[in-house]
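The values are calculated or read from the model by the stated rules, or taken from the named source; none is laboratory data. As the structure is a prediction and not an experimental result, all values here were calculated from the model. With ideal geometry, Cβ positions are generated from the backbone for all residues, glycine too; neighbour counts draw on all protein chains shown. What goes into the accessible areas is simple: the full protein's heavy atoms, side chains included, and nothing from ligands, DNA or RNA. Shrake-Rupley method; radii C 1.70, N 1.55, O 1.52, S 1.80 Å.
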Amino acid sequence: MVRLGVLGVALAMGLAWASSLPSVAILPFRVLRSSSDLEQLSSLLPAGLLAVLQQNGFSQVALEAYPPGASDLSSAASFLLHQGLQEVLGGSLTTLSGDLIVRAERYALVGGVPKLVESVVITTGSPSQVERLARRILARLFPHLLASLSSTTLAQVALQPGALFLPVGGSALLRAIALDSSGQLVQGARYLYESSNPLVATVDPQGQVFARSPGQATITVQAVGVPVSGSATATAQVTVQPPYLGLRLGSGLEYTQGVPSTTFRFGILLTPSLSPNSSVSLPSVGTTSDPLSTIGSFFASLLQGGPFTLELDLSPAETEVVLETFFWDGNSYLGTGLAYFPTSTNGSAFGVRLVVGNNLIAPGRASVPLEAYADLLFPGGQNPTVQFGLETGLNLFQ
């Protein structure tokens, strides 16, 4: 008896709730810009609204056609409301810049007069999820009865693409999306981006990644502003690569014992990669008392275990081989290295090089650099020789 009494009370409460819900008529959504997809959606969306309302206890709900002579939604709603219905829903569909624009309206009698009591405009990228769109519409049209329909919980965040391979100085956009447990897009999420290594790659608030220098970095995105039931973060790996091949053509001045002379040269640069435990074997440049030993040790420490460049320069009077490393900051770079002249006007010589450069064209597969260089040479038994000049050419990226 007690159980029957409890069930009776629950049934009575359920009937009371159902009877308190209004009777609703749903009209077809009018298509403002004709297309086959919108024509199909104009009939599917009312069916979706009907299904969601019925799932939420609205028993007196039906699909209706526009009454004869009704030229717009307002006049159609006025006619149906005067026929005894309590609520009338309808709206319009159109597209703008590839997005679907849905306008939905809810009419009811207020003081015996038909009036527009709620309206909503929703922009969505895809009309394929009709039920999800219907839930969003109804949550806005019935804010007191169906507000819970719009509450979705984030289950995972995806970052696309998951890996980037960029030339130094390049950039690319990462796109974050928040999904619920059914794999549907969660609206209203905001995203915070962070780079694990800003010296290699930075990222702005919109997810645009900028390659600063060769190396690797991890970009992490966190979704905020929505309820979370799973992981609210995702990552993407960024690999920044230096140019693997460079061609140079330039001219400069050479000062030997205070006498200037003009020189032209052509250069080829190759940049292989070293594993973290690799090292560079440098030629012997003198005894411990030789100042070049200190210089050689310094540059050797710079070249240990990182990317290096081997450069071959040819000019009418000499050949130069340079082992150098570059420090990048976007499109600008500084290069330092050790130079060896197996053939020159003063015989073989060792020296040091300094290069300052900038890519004139934002890199894609290739870029055009402009460089200023300076070489300090130490011929055996002779006074040092200074060379400096300007070069341009081509950098090629993988």
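For the stretch 53-69, indicate whether the set of residues that are under 33 Å from the mean Cα position of the chain (by Cα), farther than 19 Å from residue 26 by Cβ and open to solvent by 50 Å² or more (accessible area, probe 1.4 Å) is non-empty.
no
Does residue 76 satisfy the criteria of being in contact (Cβ under 8 Å) with a residue 40 or more places away in the chain, touching a Phe, Trp or Tyr at 6+ places or on another chain (Cβ under 6 Å) and either not charged (D, E, K, R) or not in a loop (DSSP other than H, G, I, E, B) (or both)?
yes
One residue is enough: does the stretch 253-274 have a residue meeting the conditions among the aromatic types (Phe, Trp, Tyr), over 16 Å from the mean Cα position of the chain (by Cα) and at pLDDT 90 or above?
Residues of the stretch 253-274 among the aromatic types (Phe, Trp, Tyr): 255, 264, 266.
Those still in the list that are over 16 Å from the mean Cα position of the chain (by Cα) too: 255, 264, 266.
From what's left, at pLDDT 90 or above: 266.
Checking the stretch 253-274: at least one residue is among the aromatic types (Phe, Trp, Tyr), over 16 Å from the mean Cα position of the chain (by Cα) and at pLDDT 90 or above.
Touching an Asp or Glu at 6+ places or on another chain (Cβ under 7 Å) and either in contact (Cβ under 8 Å) with a residue 12 or more places away in the chain or closer than 17 Å to residue 163 by Cα (or both): is that true of residue 240 in this structure? Walk me through it before giving the result.
Working: touching an Asp or Glu at 6+ places or on another chain (Cβ under 7 Å): no; either in contact (Cβ under 8 Å) with a residue 12 or more places away in the chain or closer than 17 Å to residue 163 by Cα (or both): yes.
For residue 240, the condition - touching an Asp or Glu at 6+ places or on another chain (Cβ under 7 Å) and either in contact (Cβ under 8 Å) with a residue 12 or more places away in the chain or closer than 17 Å to residue 163 by Cα (or both) - is not met.
So for the stretch 180-190 (the condition being surrounded by 14 or more Cβ atoms within 10 Å (Cβ to Cβ), part of a loop (DSSP other than H, G, I, E, B) and among the acidic types (Asp, Glu)), does at least one residue qualify?
yes
Here's a check for you: in the stretch 168-179, which residue that is open to solvent by 10 Å² or more (accessible area, probe 1.4 Å) and at pLDDT below 90 is nearest to residue 239 (Cα to Cα)?
169
Could you tell me which numbered condition residue 27 fails, if it satisfies all but one of (1) within 30 Å of residue 99 (Cβ to Cβ); (2) modelled with pLDDT under 90; (3) in contact with a strand residue (DSSP E or B) (Cβ under 6 Å, 6 or more places away or on another chain)?
(2)
Among the residues of the stretch 349-394, which ones are more than 16 Å from residue 322 (Cβ to Cβ) and assigned to a strand (DSSP E or B)?
Restricting attention to the stretch 349-394, the residues satisfying the condition of being more than 16 Å from residue 322 (Cβ to Cβ) are 358-368, 370, 379-384, 390, 392, 394.
Those that are more than 16 Å from residue 322 (Cβ to Cβ) and assigned to a strand (DSSP E or B): 358, 359, 366, 367, 370, 379, 390, 392, 394.
Does the stretch 70-92 hold any residues that are of a type in the set (Ser, Thr, Tyr), under 18 Å from residue 113 (Cβ atoms) and under 47 Å from the mean Cα position of the chain (by Cα), and which are they? Step through it out loud before you land on a result.
In the first step, residues of the stretch 70-92 are kept if they are of a type in the set (Ser, Thr, Tyr); the result is 71, 74-75, 78, 92.
Of the ones still in play, those that are also under 18 Å from residue 113 (Cβ atoms) are 74-75, 78.
The answer is 74, and nothing else.
From (1) modelled with pLDDT of 85 or more; (2) surrounded by fewer than 21 Cβ atoms within 10 Å (Cβ to Cβ); (3) hydroxyl-bearing (Ser, Thr, Tyr), pick out the condition that doesn't hold for residue 373.
Failed condition: (2).
Output the residues belonging to the stretch 219-240 that are surrounded by fewer than 20 Cβ atoms within 10 Å (Cβ to Cβ), part of a strand (DSSP E or B) and either at pLDDT 90 or above or within 21 Å of the chain's Cα centre (by Cα) (or both).
Matches in the stretch 219-240: 220, 222, 224, 233, 235, 237, 239.
Cβ-Cβ below 8 Å, separation at least six or inter-chain, first residue in the stretch 307-322 and in contact (Cβ under 8 Å) with a residue 24 or more places away in the chain and under 25 Å from residue 240 (Cβ atoms), second open to solvent by 20 Å² or more (accessible area, probe 1.4 Å) and of a type in the set (Phe, Trp, Tyr): which pairs?
These pairs meet every condition: 307/326; 309/326; 322/340.
Keeping to the stretch 191-218, report how many residues are open to solvent by less than 60 Å² (accessible area, probe 1.4 Å) and either in contact with a Lys or Arg (Cβ under 7 Å, 6 or more places away or on another chain) or in a loop (DSSP other than H, G, I, E, B) (or both).
Residues meeting the conditions: 8.
Which residues, taken from the stretch 54-73, are assigned to a helix (DSSP H, G or I) and under 18 Å from residue 103 (Cα atoms)?
73 - this is the single residue of the stretch 54-73 that is assigned to a helix (DSSP H, G or I) and under 18 Å from residue 103 (Cα atoms).
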